[in-house]
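Since the structure comes first, as structure tokens, the remarks are kept for the end.
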Amino acid sequence: MTLEQQHVVVVGGSSGIGLGVARAALAQGASVTLASRSSEKLARAAALLDSPGRVRTCPVDATSEDSVRQLFETLGPVNHVVVTAVEARYLGIREMDFAAARRIFDSKLMAAFHVASHARLAPGGSLVFTTGIASLRPKPNGSVIAAANGAIEAAVRAWALELAPVRVNALSPGWIDTPVWDTIAGEAKAAMFEQHARRLPVGRIGTALDVGHAALFLMGNGFTTGEVLRVDGGHPLV
């Protein structure tokens, strides 16, 4: 698979899964635009990727339609857009912080709607959105994330029809070792990961590059659309 002469935009590309997608795309010859809210994080990510001339950064607030519209007006037609941005929090339904819930929906679900609406793709292009294992195997206090993931999976099937011949797919990662878990789990992260890895058929937690390689398949396979590709180490089986 090659992405030579192709332009990949990663919304949420300054860290975690987005950075893994960017690494995988660069390894296949693509030029990459990293887009996220923090200019400082974008600069650090570009330095880590160490690919002068093939990495561009663009600040964008994916929760803002105007910001997303402006991003794609600036970039013009691109080959592929991968959206990994999310604000992840677990919220119990009985004590729901509804303002926080709306921020999660905005960062994941509405951001996907903004990109689907305003991204302009070159012929043969694709959109790839990110859902997650919570749509199938939610944790307690995880109803907001589960609902957002499930909604994106449903929307992807509709967009695959509405936006054709642009291909529209989703990645559904399982437990992936990214910085977001430092916030969610804190000092309990290592023990939590070790316990969960023992349950998975593959015997380990996933990496951002695992998801990046899956994104390459969805970008490169011209006969795949409306699908959810699960990259979860067999989590639904256990």
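The values are calculated or read from the model by the stated rules, or taken from the named source; none is laboratory data. This one's a predicted model, so the numbers in the text were calculated from it and none came from an experiment. So basically every Cβ, Gly included, is an ideal-geometry build from the backbone, and we count neighbours across all protein chains shown. Accessible surface areas use protein heavy atoms only, side chains included; no ligands, DNA or RNA. Shrake-Rupley method; radii C 1.70, N 1.55, O 1.52, S 1.80 Å.
Observations on the model:
- Within the range 178-212, the set of residues being buried (at least 18 other Cβ atoms within 10 Å of the Cβ) and not β-branched (Val, Ile, Thr) comprises Trp181, Leu200, Gly206, Ala208, Asp210, Gly212.
- Pairs linking a residue in the range 4-17 that is closer than 11 Å to Val60 by Cβ to a residue that is open to solvent by 50 Å² or more (accessible area, probe 1.4 Å), with Cβ atoms under 9 Å and 6 or more positions apart or on different chains, are Gly12/Val86; Gly13/Thr57; Ser14/Arg37; Ser14/Glu40; Ser14/Lys41; Ser14/Ala43; Ser14/Arg44; Ser14/Thr57.
- If you check Ala155, Ala119, Ala146, Ala99 for being out of contact with any Ser or Thr (no Cβ under 9 Å at 6 or more places or on another chain) and without any contact (Cβ under 8 Å) to a residue 24 or more places away in the chain, only one passes: Ala99.
- You will find that of Ala134, Ala215, Ala160, Ala148, the residue that is assigned to a helix (DSSP H, G or I), open to solvent by less than 30 Å² (accessible area, probe 1.4 Å), closer than 26 Å to Val81 by Cβ and modelled with pLDDT under 95 is Ala134 and no other.
- Residues in the range 18-53 that are open to solvent by 30 Å² or more (accessible area, probe 1.4 Å), closer than 22 Å to Gly132 by Cβ and touching a residue at least 60 places away in the same chain (Cβ under 8 Å): Arg23 only.
- Residue match in the range 173-190 (condition: in contact with a strand residue (DSSP E or B) (Cβ under 8 Å, 6 or more places away or on another chain), over 26 Å from Ala27 (Cβ atoms) and free of Cβ contacts under 8 Å to residues at least 40 places away in the same chain): no
- Pro236 satisfies every condition listed in (1) surrounded by fewer than 18 Cβ atoms within 10 Å (Cβ to Cβ); (2) of a type outside the set (Asp, Glu); (3) farther than 19 Å from Val8 by Cα; (4) free of Cβ contacts under 8 Å to residues at least 40 places away in the same chain except (4).
- Flag: Arg56 does not match the condition of being of a type outside the set (S, T, N, Q), open to solvent by 20 Å² or more (accessible area, probe 1.4 Å) and in a helix (DSSP H, G or I).
- Any hit, the range 51-65, residues being closer than 21 Å to Ala214 by Cα and among the aliphatic types (A, V, I, L, M): yes
- Among residues of the range 105-131, those that are among the acidic types (Asp, Glu) and open to solvent by less than 40 Å² (accessible area, probe 1.4 Å), counted: 0
- Scanning the range 72-95 for any residue that is surrounded by 21 or more Cβ atoms within 10 Å (Cβ to Cβ) and part of a helix (DSSP H, G or I) turns up at least one such residue.
- Boolean, Ser67 is among the polar types (S, T, N, Q) and in a loop (DSSP other than H, G, I, E, B): no
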